[in-house]
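A short reminder: the numbers here are calculations on the coordinates, not readings from a lab. Since the structure is predicted, the reported quantities are computational estimates derived from the model, not experimental observations. Neighbour counts run over all protein chains shown; Cβ positions are idealised from the backbone, glycine included.
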Amino acid sequence: MWENRQANLARRLDKFSTKKVTMSESSEIVITGVGVVSPIGVGVEPFWKSLLEGVSGIRPYSLLQGTEMPVRFGGEVVDFDAKKYVTPRKSLKVMSREIQMGFAAAAMAAETAGIENGTIDPDRFGVVYGSEMLYGPPDELAEVMRGCKVDGVVDPSLWSEQAAKKNFPLWMLKYLPNMTACHVGIAFDARGPSNSITHGDVSSLLAIFEATHAILRGRADVMIAGGFGAKLSVTQLQYRSDANLSHRNDDPTAASRPFDADRDGMVNGDGAGAIVIERREHAERRGAKVLAAIRGMGESFEARLTPKPVTGIAIRRSIVQSLDKAGMSPESIGYVSAYGASTIVDDPLEAQAIRECLGDVPVTGLKSYFGNIGSGGGAVETVANVLALQNNAVPHTLNFGTPDPACPVNVIQGEPLVGAAPIAMVLSQAGPGQAAALILSRD
């Protein structure tokens, strides 16, 4: 019976397969540095400790308490001091808080990797970052808005004049999505490939893919790749609908419930993650410790066009492509770190894709700890999985108590999973329909 099921699965997956071009050992890309700024810890050690102990970082959001906002909680980064990480210090005045977090994650990753200015050929050192569209906090434009009032009514025709008079002259530089990569490149004298990707929640996984390809194309020896997220920005919360969000204001830590039958929506968060990647031979030549290896990558797209139903085919394609690139079978995967948004519609699509492509593989949903960090989520979860592989312990999914028949996955619950095969698949998806899959292995 098992052989028949495997044969049927192979036939179903054939239609998603791409030409098998594996990442050969001669071009193996490894991870030598990690850094993270998250709601459950700033820095690798407190971050991993919280994951191992099942500590949630989802809490009442300080800026929204006492307001009439329908959702007043999220995965908020606390105890973050940008001055500890940002150099030169004068750059702080042209960095939003989100960009500061992105820079800090890169600085931590570079330190872990043993990278200092002058140790890497600057022309072969690059940066790719996944970025949010930044809206800016309301208080920064409050004086401009007041200057536009005539008899208590805002006159939009005065905006340009008042903005020029009252706004910080370099305000725009604080909120351009490409500025994190720029600041990191300047600080570390990285003159090689530099790019910023704004594809919603898949942005930082795509940044890791592009950084990997830059090395494989021979354009760089070392790349810093990562992303930052700003889904808790008050301006963004006002601009976006709360329709997909959990409304558990009375119990925030129980709100993010990937694949659970009682989930009621996504939880927003903020933070940043970054990794340093390079060819194995380059890392060994400079004496760097290899933390994990990148084995395969896949990406696809399925347009979400109402009323056409979404099938999850992009998730399936991304999974199969990553297996093809890694030269692996589904049975090789030790566990899956799912996107696990905790939404009514998206969790079943992802769960069914995992089940169809990978069978009864163990699955964890890390957003249950810190919420959806948006463009930074893939990078933060990649860091988490590098640590999981190193420590041979996969963090369990918080708040999973009632299985949902529509989500037929083997959720890791109750305690960390120890002894899984040392190969992880990290999944990410975005609202418009993009999907990405990354395969990592313990060194």
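Backbone geometry of region 387-392 corresponds, through the Karplus equation with coefficients 6.51, -1.76 and 1.60 at θ = phi - 60°, to 3J(HN,Hα) couplings of 5, 4, 5, 4, 9, 6 Hz, x marking Gly and Pro. Each of Ile277, Ile208 was scored by other Cβ atoms within 10 Å of its Cβ. Listed from fewest to most, they are Ile277, Ile208. Per-residue Cβ neighbour counts within 10 Å put Arg146, Arg257, Arg240, Arg279 in the sequence Arg146, Arg240, Arg279, Arg257, beginning with the fewest.
Taking a ≥ b ≥ c as the square roots of the eigenvalues of the Cα gyration tensor, the chain is classed as oblate, since a/c reaches at least 1.5 and a/b does not exceed b/c. Relative to the Cα centre, the charge distribution of region 306-358, modelled as +1 at Lys and Arg Cβ and -1 at Asp and Glu Cβ, gives a dipole magnitude of about 180 debye.
Which of the pairs Lys49/Lys367; Lys84/Lys289; Lys93/Lys165 have their Cα atoms more than 22 Å apart in this structure? From the list (Lys49/Lys367; Lys84/Lys289; Lys93/Lys165), the Cα-Cα distance tops 22 Å for Lys84/Lys289.
Once you list every other residue whose beta carbon is under 13 Å from the beta carbon of Ala272, what net charge do they have if Lys and Arg are +1 and Asp and Glu are -1? It works out to a net charge of -2. Only aspartates and glutamates eight or more places from Lys325 in sequence, or on another chain, were considered; those with a Cα closer than 14 Å are Glu25, Glu28, Glu299.
For region 254-268, 3J(HN,Hα) computed residue by residue from phi via the Karplus equation (6.51, -1.76, 1.60; θ = phi - 60°) reads 9, 6, 8, 9, x, 6, 7, 5, 9, 5, 10, x, 7, 10, 7 Hz, glycine and proline entered as x.
Each Lys or Arg adds one and each Asp or Glu takes one away; over the other residues whose Cβ falls under 12 Å from the Cβ of Gln413, this sums to -1. If both residues of a DSSP beta bridge must be in the chain, then about 70% of such bridges are antiparallel.
For region 345-355, the Karplus equation 6.51 cos²θ - 1.76 cosθ + 1.60, evaluated at θ = phi - 60°, returns couplings of 7, 7, 4, x, 4, 5, 4, 5, 5, 4, 4 Hz by residue, with Gly and Pro reported as x. Counting neighbouring Cβ atoms within 10 Å and putting the fewest first, the residues Asp151, Asp250 line up as Asp151, Asp250.
About the centre of its Cα atoms, region 267-330 shows a dipole size close to 120 debye [charges on the beta carbon of Lys, Arg (+1) and Asp, Glu (-1) only; nearest 20 debye]. Near Asp260, once Lys and Arg are set to +1 and Asp and Glu to -1 for all other residues with Cβ below 11 Å from its Cβ, the sum equals -2.
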